[in-house]
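Heads up: the structure comes next, in structure tokens.
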Amino acid sequence: VVEHAQEESANLSKRVKFGKKRNAEKGRVPNLVYGYDKTSGDYFNLTVNEVEARVIKRIFNYYVYQRQGANKIAQLLNKEGLVTKRKCRWSPQAISTILTNSLYIGKVINGKESVKDFLTGKRVKNDVDKQFIVDKPELAIIEREIFTKAQALLAERAEKFRLTKTRQSNKYCFSTLIKCGGCGY
């Protein structure tokens, strides 16, 4: 009975993977993404939500040109009473996800990860050559230049933190001025 159930689970996993691969090849976006609305009657088709698109542009502007960190940007949006697509408060993680999402420049990337073991659900990152990249310029909200600058700034801040354990923060007036004598954070 256990072997039969496991075999059935493996077959279901294969069918789901096949369907996801087909959708990925076509550049379909299956999840809700801030800045876009689902087209009624077509689960995979997106249209730009102009109100949310303005917020996306502000997020990139705050990050790239005003040098605000993800935490500060989340605070600013929450202070205005703005909410995420799922009607939640903004978090630094939500801001970081937006800053790294290439959909905002009209590039759909599917297949970044795959399930290594269907029994445990363990996921692994896929190499770029196994990903499905489809250009959809009609979905672009921001220009490539600002997106590229944001990626460079994210990498720079991550490297600085890795080397010096210094965070980019202006949450409080003493942020980044006090460090742990033991670990350096």
Between Gly106 and residues 5 or more places away or on another chain, the pairs with built amide H atoms under 5 Å apart involve Ala140, Ile141
Taking 35 Å as R0, compute the FRET efficiency from the Cβ-Cβ separation of Ala155 and Glu3 and round it to 0.05. 0.15
What full-extension length gain, to one decimal in nm, is calculated for Asn45 and Lys57 as 0.36 nm per residue of separation minus the Cα-Cα distance? 2.2 nm
Based on the alpha-carbon set only, what is the convex hull volume of region 37-110 divided per residue, in Å³? 102 Å³
Report the local net charge at Val48: Lys and Arg +1, Asp and Glu -1, summed over other residues whose C-beta lies under 9 Å from its C-beta. -4
In whole Hz and in residue order, list the ³J(HN,Hα) couplings for region 32-40 that follow from phi through the Karplus curve 6.51 cos²θ - 1.76 cosθ + 1.60, θ = phi - 60°; x for Gly and Pro. 6, 10, 4, x, 9, 10, 6, 6, 4
From the Cα gyration tensor of region 50-92, with a ≥ b ≥ c the square roots of its eigenvalues, which class applies: rounded if a/c is under 1.5, or else prolate if a/b is larger than b/c, or else oblate? oblate
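Every read-out reported here was derived from the displayed coordinates using simple, explicitly stated rules and does not represent laboratory data. In this text, all values refer to a predicted model and were calculated from it rather than measured experimentally. A quick note on method: Cβ atoms are made from the backbone with ideal geometry, for glycine too, and the neighbour counts reach across all protein chains shown.
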